[in-house]
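The values are calculated or read from the model by the stated rules, or taken from the named source; none is laboratory data. Quantities reported herein were computed from a predicted structural model and do not represent experimental measurements. Here Cβ is always computed from backbone atoms with ideal geometry, including for glycine, and neighbour counts include all displayed protein chains.
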Amino acid sequence: MNIVHVKPNGQEIESWIAMIENDVVGHIFMKHEAENKIKFLDAWVHDDHRRKGIFRTLWETRWEYVQENYKGFIIYAWCKDTSLPLLLEKGFEAGEICTYVEFKI
């Protein structure tokens, strides 16, 4: 597996893309915000490649990058219950709980 880093675009979004041969099998993002904040955005791993450590590799690659390049910044994220243990492991503090709801009109 190869991880490709894509520098910030016009929306200040930076990404890491996981590739096996020439196929994209996953990605993870972060967004640069005002006042020295970085928002960790969503991650995705293709169904055929889940449970192989790709999410963890993408997450760790991004984490190492922010630790090396964004000293003094506040890093924050919204996460699913399944991702919460990883963030807590890294020292994040849990805030309020949010629940997704929808309604079709």
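Results, tabulated for the structure shown:
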{"item": "Residue match in region 22-42 (condition: within 11 Å of the chain's Cα centre (by Cα), closer than 25 Å to residue 98 by Cα and acidic (Asp, Glu))", "result": "yes"}
{"item": "Selected residue (only one of 92, 55, 103 is without any contact (Cβ under 8 Å) to a residue 40 or more places away in the chain and either within 19 Å of residue 25 (Cα to Cα) or assigned to a helix (DSSP H, G or I) (or both))", "result": "55"}
{"item": "Failed criterion for residue 36 (all others in (1) farther than 19 Å from residue 4 by Cα; (2) touching an Asp or Glu at 6+ places or on another chain (Cβ under 7 Å) hold)", "result": "(2)"}
{"item": "Pairs, first closer than 13 Å to residue 12 by Cα in region 35-48, second in a strand (DSSP E or B) and among the small types (Gly, Ala, Ser), C-beta under 9 Å, six or more apart", "result": "39/77; 40/77; 41/15; 41/77"}
{"item": "Any hit, region 89-99, residues being within 14 Å of the chain's Cα centre (by Cα), at negative phi and modelled with pLDDT under 95", "result": "yes"}
{"item": "Top-ranked residue in region 11-27 [being part of a loop (DSSP other than H, G, I, E, B) and either closer than 19 Å to residue 69 by Cβ or among the aliphatic types (A, V, I, L, M) (or both); ranked as modelled with the lowest pLDDT]", "result": "11"}
{"item": "In region 34-46, the residues that are exposed (fewer than 14 other Cβ atoms within 10 Å of the Cβ) and either part of a strand (DSSP E or B) or charged (D, E, K, R) (or both)", "result": "35, 37, 42"}
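Per-residue answers, yes or no, for (1) surrounded by fewer than 16 Cβ atoms within 10 Å (Cβ to Cβ); (2) not in a loop (DSSP other than H, G, I, E, B):
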site: 9; (1), (2): yes, no
site: 29; (1), (2): no, yes
site: 32; (1), (2): yes, yes
site: 48; (1), (2): yes, yes
site: 62; (1), (2): no, yes
site: 72; (1), (2): yes, no
